[in-house]
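Colleague: One structure is given below, represented as structure tokens, and several questions about it will come after.
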Amino acid sequence: MTRMMITMLAAATLLSACVASDDVSRSVNPITESSQFNAVESNLPKVMVGQYSVQAVNVSVPRSLRVSEANMFYPIADIVWRGDVRGDRHAQIKSIFDEAAAKVSAVMTQGQAAIVDVEVLRFHSVTEKTRYTVGGVHDVKYILTVRDAQSGAILDGPRKVHAEVKAAGGAQAVAEEQAGRTMRVVIVERLVNSLRAELSAQVTDPLLVSQALSGVPSDFTTNAN
């Protein structure tokens with residue numbers, strides 16, 4: 001190898017090292033002063049900000065939804081719920097959504113005043129047989145519509161939202177029950193996160209992301225799904 005080739009190879013190696021160093025520094029310190037650096041393209045946590053001041057959430061659970069009380073691994077029905085004593089399952093499901101909606105309304109207080117309509121399509125939790133053996137999934141689907149609080153004009157939707165969360169099984173389910181983490185608690189928590197995510201938009205300005213992560217104001221959520 002000639003001296004000139006050695007010199008050129010060394011220069012190329014040095015240049016590639018500089019490029020690699022720059023990439024590493026960006027990943028270590030993704031928040032920069034430049035507004036051109038988009039948070040979506042960085043390694044920043046996903047931060048959402050509420051778009052509406054939620055004035056009310058109207059929840060409907062149509063009586064046409066089929067209920068099953070069969071104690072089998074996977075009943076074919078729209079509503080399967082064992083977290084309350086046997087009774088009016090439609091009313092019980094509405095109560096669960098109402099609780100989640102109240103928690104969302106309490107923290108989403110900035111932005112355009114809006115009314116949110118929620119129509120439940122499916123609420124398929126787990127039966128006793130499933131919960132105390134293998135566990136499964138709490139599967140919930142609903143239609144979301146957002147309307148202007150004054151004019152009633154539709155701002156978003158109607159659109160279908162799918163929210164699901166793991167249902168513990170066996171000894172873990174028993175332990176959670178004893179600790180107060182009931183199926184209702186788990187599902188309400190999931191619905192709160194789902195509703196807040198659907199009524200929010202992702203923050204892309206690094207300065208706003210930094211602000212959210214420094215104190216996480218009530219209108220911000222991180223990693224909402």
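The values are calculated or read from the model by the stated rules, or taken from the named source; none is laboratory data. Computed from a predicted model, the values in this text were never measured in an experiment. No Cβ is skipped: glycine too gets one built from the backbone with ideal geometry, and neighbour counts run over all protein chains shown. Just so you know, the surface numbers come from the protein's heavy atoms only, side chains and all, with ligands and any DNA or RNA stripped out. Shrake-Rupley method; radii C 1.70, N 1.55, O 1.52, S 1.80 Å.
Colleague: For region 142-164, does any single residue satisfy the condition of being touching a Leu at 6+ places or on another chain (Cβ under 9 Å) and over 22 Å from Gly50 (Cβ atoms)?
Modeller: Taking every residue of region 142-164 in turn, none turns out to be touching a Leu at 6+ places or on another chain (Cβ under 9 Å) and over 22 Å from Gly50 (Cβ atoms).
Colleague: May I ask you to list the residues in region 41-68 that are open to solvent by 50 Å² or more (accessible area, probe 1.4 Å) and farther than 23 Å from Leu199 by Cα?
Modeller: Selection gives Asn43, Arg63, Ser64, Arg66, Val67.
Colleague: Considering only region 77-88, I want to know if a residue exists there that is within 22 Å of the chain's Cα centre (by Cα), loosely packed, with under 15 Cβ neighbours inside 10 Å and charged (D, E, K, R).
Modeller: no
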